[in-house]
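Engineer: The structure under discussion is supplied below as structure tokens; questions concerning it will follow.
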Amino acid sequence: MDKFKNLFKSEFARNVLTLMTGTVLAQAIPIAISPILTRIYTPEDFGVLSLFIAITAITGVIANAKYEQAVVLPEFEKEAISLLYLGLFISTVVSALLLVCIFLLEDEIVFALKEEKIREWLYFIPLSTFLIGLYNMFNYYNIREKKFNNVSKALVYKSAGLSVSQLGLSFVKQGAFGLILGQILSFFCGNLVLIKSVKGKFATNKLDFRGLKSLAIKYKKFPLFSMPSVFLNAVNLNMINFLITTFYTIEILGFYSLTQRIIGIPSRVLGSSFGQVYFQKATEEYQKTGKTLNTFKKTLKKLVLIGIPIFTLLFFISEPLFELVFGVEWRVAGYYSKLLTPLAFSRFISSALSTTMTIHMKQQLGLFINISLITLSIVIFVFSKHMLYDFQQMLIVFSCSLTLAYLTFIYLYWRVAKS
């Protein structure tokens with residue numbers, strides 16, 4: 001027990017706890033109103049929301065060409081601010097291009113997604129992408145400055161904005177209107193907090209286009225390797241949402257989306273907090289020693305000790321918990337949660353440690369990992385669709401196969417941390 005307690009007596013632990021406090025509050029707010037939302041909105045409404053989130057999750061991760069991760073690395077402040085300028089410029093361009101593409105290909109997009117209800121929300125995708133890009137840039141700058149309190153506050157503001165909007169707007173218009181508009185407003189609220197830390201910095205570090213060009217070249221591995229890697233990872237994480245609407249129904253997607261929302265809580269509460277602090281501390285270790293093994297081992301140990309009891313409990317109580325909290329019709333989502341628990345546990349650990357590749361500038365290997373992951377996912381889904389016609393059987397194959405894949409990735413991260 002004393003050994004377990006000693007794991008959390010450090011600056012690393014204090015920073016994690018700071019982020020966890022905000023993350024717990026951020027997750028508690030939407031969880032508290034979820035039983036109300038599941039009785040106001042239908043599974044189909046949640047399905048449309050899931051499609052919108054899946055699209056913006058993919059466009060959002062490439063909004064800054066992944067230069068937001070580079071913001072943590074420079075030794076000098078001026079270079080970090082210049083990277084902020086670069087990321088914001090790219091985010092603006094990407095959002096504008098998305099708007100043009102949607103205008104030209106609206107019908108084709110709706111046809112590909114096999115869901116007419118998403119049509120009216122397509123033009124909100126560029127706005128949401130831009131807000132996500134801003135959030136990511138300012139978030140990493142606050143991590144660089146060790147302003148974890150701001151990061152924590154932003155999570156709470158973002159969550160509160162989401163919950164209040166989704167609940168309040170349900171009285172304005174039926175359907176997915178309140179769910180999707182609340183999702184957009186949440187990032188606006190989060191940005192209000194994070195932008196405070198950089199207000200004066202832009203005034204003292206004026207925009208230099210020549211400097212931006214040299215920085216873009218200096219950190220070119222981020223758009224060349226990190227961006228394709230995270231893009232494929234985002235596609236992999238959200239691809240099943242598109243496949244469900246293509247091969248099954250929007251109602252099944254609604255049930256699955258609630259499953260992902262609940263089973264992903266440990267990763268959002270704990271995994272993201274550990275991951276952000278790990279990134280900052282491991283970067284410091286790498287700058288001093290050329291390795292990240294010490295920080296990697298400590299973080300891995302903490303993740304395993306915390307994750308085992310959480311996911312074991314979740315495995316056994318998912319079905320009755322979903323029925324009790326969300327209503328009888330949502331019990332099937334609890335069963336989906338049970339099937340996906342092993343995958344959620346392995347992903348919880350792997351995601352928190354994945355920035356090891358970024359720190360060691362091994363973006364090529366990270367890209368290879370995500371190509372392998374998305375290929376495996378597609379093969380599993382296609383095989384299951386042709387051989388196993390039940391969605392629940394497909395989830396079993398999907399969960400077991402990807403669990404083994406993520407465990408392999410953790411081993412690879414360990415090998416890189418030693419180098």
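Engineer: Quickly run through region 233-251 and pick out the residues that are aliphatic (A, V, I, L, M) and open to solvent by 40 Å² or more (accessible area, probe 1.4 Å).
Structural biologist: If the condition is that a residue be aliphatic (A, V, I, L, M) and open to solvent by 40 Å² or more (accessible area, probe 1.4 Å), then 237 is the only one that fits.
Engineer: Would you please list the contacts, defined by Cβ atoms under 6 Å and residues six or more apart or on different chains, that run from a residue in region 263-286 that is over 17 Å from residue 304 (Cα atoms) to a residue that is polar (S, T, N, Q) and open to solvent by less than 10 Å² (accessible area, probe 1.4 Å)?
Structural biologist: Qualifying pairs under 6 Å: 282/292; 285/292; 286/292.
Engineer: Residues 381, 322, 368, 315: which one is within 24 Å of the chain's Cα centre (by Cα) and within 26 Å of residue 291 (Cβ to Cβ)?
Structural biologist: 368
Engineer: Filter region 286-300 down to the residues that are open to solvent by 30 Å² or more (accessible area, probe 1.4 Å) and either among the charged types (D, E, K, R) or within 22 Å of the chain's Cα centre (by Cα) (or both) and list them by number.
Structural biologist: Within region 286-300, 288, 291, 297, 298, 300 qualify.
Engineer: Does region 127-135 include one or more residues that are part of a helix (DSSP H, G or I) and either surrounded by fewer than 22 Cβ atoms within 10 Å (Cβ to Cβ) or at pLDDT below 90 (or both)?
Structural biologist: yes
Engineer: Could you list, in sequence order, the residues of region 323-333 that are buried (at least 17 other Cβ atoms within 10 Å of the Cβ) and in contact (Cβ under 8 Å) with a residue 60 or more places away in the chain?
Structural biologist: Scanning region 323-333 gives 326, 330, 332, 333.
Engineer: If you go through region 36-49 one residue at a time, do you hit one that is open to solvent by less than 30 Å² (accessible area, probe 1.4 Å), at pLDDT 85 or above, charged (D, E, K, R) and assigned to a helix (DSSP H, G or I)?
Structural biologist: Within region 36-49, one or more residues are open to solvent by less than 30 Å² (accessible area, probe 1.4 Å), at pLDDT 85 or above, charged (D, E, K, R) and assigned to a helix (DSSP H, G or I).
Engineer: Scanning for something closer than 30 Å to residue 249 by Cβ, open to solvent by 30 Å² or more (accessible area, probe 1.4 Å) and at pLDDT 75 or above, does region 8-27 turn up at least one residue?
Structural biologist: no
Engineer: Within region 162-192, how many residues turn out to be open to solvent by less than 10 Å² (accessible area, probe 1.4 Å) and over 24 Å from residue 253 (Cβ atoms)?
Structural biologist: 1
Engineer: Given the conditions (1) surrounded by fewer than 22 Cβ atoms within 10 Å (Cβ to Cβ); (2) closer than 27 Å to residue 274 by Cα; (3) at pLDDT below 90, which single one is not true for residue 352?
Structural biologist: Against the list (1) surrounded by fewer than 22 Cβ atoms within 10 Å (Cβ to Cβ); (2) closer than 27 Å to residue 274 by Cα; (3) at pLDDT below 90, residue 352 comes up short only on (1).
The values are calculated or read from the model by the stated rules, or taken from the named source; none is laboratory data. Everything quoted here is computed from the prediction, not taken from an experiment. Note that each Cβ is placed from the backbone with ideal geometry, even for glycine, and that neighbours are counted across all protein chains shown. Accessible surface areas use protein heavy atoms only, side chains included; no ligands, DNA or RNA. Shrake-Rupley method; radii C 1.70, N 1.55, O 1.52, S 1.80 Å.
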